[in-house]
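The structure appears below as structure tokens.
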Amino acid sequence: MESVPVPPSDQTPASEAKPSLVRGLSLLDSVLLLVSGVIGSSIFLTAKDIAGPLPQPMLFLLVWLLGALISLCACFAFAELGSMFPDSGGQYIYLREAYGDLIAFLYGWMLFSVANGGSIAALSVAAAAYTGRVFPVVSEAHVVVAFAGIVITRAHLFGLLLIAVLTYVNVVGLRWGTLLQNVSTWTKFTAMAAFVILGFAIGKGHWSNFQAHGVGLTMGLGPAKLISALGVGLIAVFWAYDGWVYITWVAGEVKNPRRNVPLAMVLGVLAVGVIYIAMNLTYVYALPLNEIAAHETIAHAAAEALFSPGAAVWLSLMIAISCFSAAATCTLSGARVYLAMAQDGVFFKRMAVIHPKWRTPAFSLIGQGVWAAVLTLSGRYDQLYTYVIYGMVLSYTLTVIAMFWLRWKRPEIPRPYRCTGYPWLPAIYVVIGTAWTLNTILTRPTQAFWGTAIVLIGVPFYLFWKRSNRKIPGSIPKAQ
């Protein structure tokens, strides 16, 4: 049978229509994405780094509260920018609009090469390693390959499997990726709530652990040394709170983004702050500060003290789920930044393509997954991330400054949400962020040097892509 030809006018719209992203994330999805992305493994590990320089209970807890309040000061500024530019790419777009392509690219380069790629690798391997404590078949103790100083264990291989699964689920649709993230996030919340409630209800803790001992609240330090000690504690706290910008990266797929992106940032950071303080209250109830400072894996030590060694084993499963949930968020959101970069002509061209069937940045997701797998096999992801954490805080500071700059440079852009506490709260963040960055450079110069080197390595790549790629008309496609 001969096919009936279709008139050109009937097939033109379908053939010329370009696939676009889908606005499928509700406000609840957005809040869960932010909270899940922030709460990974750090809350179970960083207490040691804070209890060391701040060995008084109130200071130990205060620094977690300060982390939430300081993050909120930045969130208010980011929320205004998010209401101005409700497109996928988030912070990359804010930096591009304020400072131009190079600064924005270096931020995106830092994310791809280390910050987000390294986070996916570290979280996936951590999820595998903690799973191995319950199911020894994937234990870190089983070495598969060892060469040139690189050791690959079954945990690394299981981490690669998790990266592949997360990448595939997110490639085949936003709804599938969101469902996976939400289920793992609610599971994590339930487990953490049980740990806190049961810890205080039936745990063998001591309220005396909350009393200050020795030289008092200020530890006998002068104002300058006390501020420096708080700054050192904030290094770990900022790492723990890092990730609240994830929701800006996927703004192009959020329903009613001019309202929901700002609201999700504020609600999400508040929720994270409550969870972090609740977990650390439980740690202090379980153990005195000097013991907290001596334990690398504080959650296990606290579970053993509150319940039993057997409970600590099952706590590993909670940490594994938490890491997996955070890796799911990193996977979903990070690819949207590389999509924006590619569509600006400063990254791999293929990553600019949105899949016509699944309406996802499929090639950006695949490229991200491949690089995360390479970092996993290298075994250097944790070390690399510590190098760029100060660069991440610096990028947040520059973005808050961009809010001030764009109010003067682009006053005509609609701002459905205007920064709460302007100009004082964002100015406080700029001062603290700048001081924290300088303190990090002074106290950890080696890490700061290598972090700067990693970022600057991106300059020749930027020049190459800028010369060889033509910016795709329309840049970020508007989500439907």
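The values are calculated or read from the model by the stated rules, or taken from the named source; none is laboratory data. All figures in this text were calculated on a predicted structure; none of them were measured in a lab. Because the Cβ atoms are built from the backbone with ideal geometry, glycine has one as well, and the counts that use them run over all protein chains shown. Remember, those area values only see protein heavy atoms, side chains included, never the ligands or the DNA or RNA. Shrake-Rupley method; radii C 1.70, N 1.55, O 1.52, S 1.80 Å.
Numerical summary
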| quantity | calculated |
| --- | --- |
| Fully extended contour minus Cα-Cα distance, from Leu62 to Val143, at 0.36 nm per residue | 25.0 nm |
| Added length on full extension, which subtracts the Cα-Cα distance from 0.36 nm per residue, Gln383 to Ile428 | 13.2 nm |
| Between helix 424-443 and the chain: long-axis angle, C-alpha atoms, 0 to 90°, nearest 10 | 70 |
| Distance in nm between pseudo-label sites at Ser308 and Ala212 (7 Å out along the Cβ direction from Cα) | 3.9 |
| Spatially proximal lysines relative to Lys48 (Cα-Cα < 23 Å; intrachain offsets below 8 disregarded) | Lys188, Lys204, Lys225 |
| Mean separation of Cα contacts under 8 Å, 6 or more apart, over the residue count of the chain: relative contact order % | 34 |
| Given charges at beta-carbon only (K, R positive; D, E negative), |dipole| of the chain in Debye | 840 |
| For the range 170-315, with +1 on Lys and Arg beta carbons and -1 on Asp and Glu, the positive-most of Val250, Asn290, Ala191 along the dipole | Val250 |
| From phi via Karplus (6.51, -1.76, 1.60), per-residue ³J(HN,Hα) for the range 161-167 in Hz, x at Gly/Pro | 4, 5, 4, 5, 5, 4, 5 |
| In nm, spacing of pseudo-spin labels at Thr443 and Lys225 (7 Å Cα→C-beta vector) | 1.4 |
| Angle between the chain longest axis and helix 57-84 axis [Cα atoms, degrees, rounded to 10] | 10 |
| Leu179 paired with Ala164, simple spin-label distance in nm, labels 7 Å along Cα-to-beta-carbon | 2.2 |
| Cross-link partners of Lys18 among lysines (Cα-Cα below 18 Å; sequence separation of 8 or more within a chain) | Lys349, Lys357, Lys471, Lys478 |
| Dipole magnitude of the range 328-480, debye to nearest 20 (Cβ charges: Lys/Arg +1, Asp/Glu -1, about Cα centre) | 640 |
| Percent accessible area from carbon and sulfur atoms, the range 165-308, protein chains only, probe 1.4 Å | 70 |
| Residue-averaged 222 nm ellipticity for the chain, from DSSP H runs of 4+ at -39500 (n - 2.57), nearest 500 | -22500 deg cm²/dmol |
| Cβ-based net charge around Ile298, under 13 Å, with every Lys or Arg adding one and every Asp or Glu removing one | -3 |
| C-alpha long axis of helix 174-202 to longest principal axis of the chain, angle in ° | 10 |
| Accessible area in square angstrom per residue, the range 34-180, 1.4 angstrom probe | 29 |
| Separation between Cα centres of the range 312-380 and the range 75-138, rounded to whole Å | 9 |
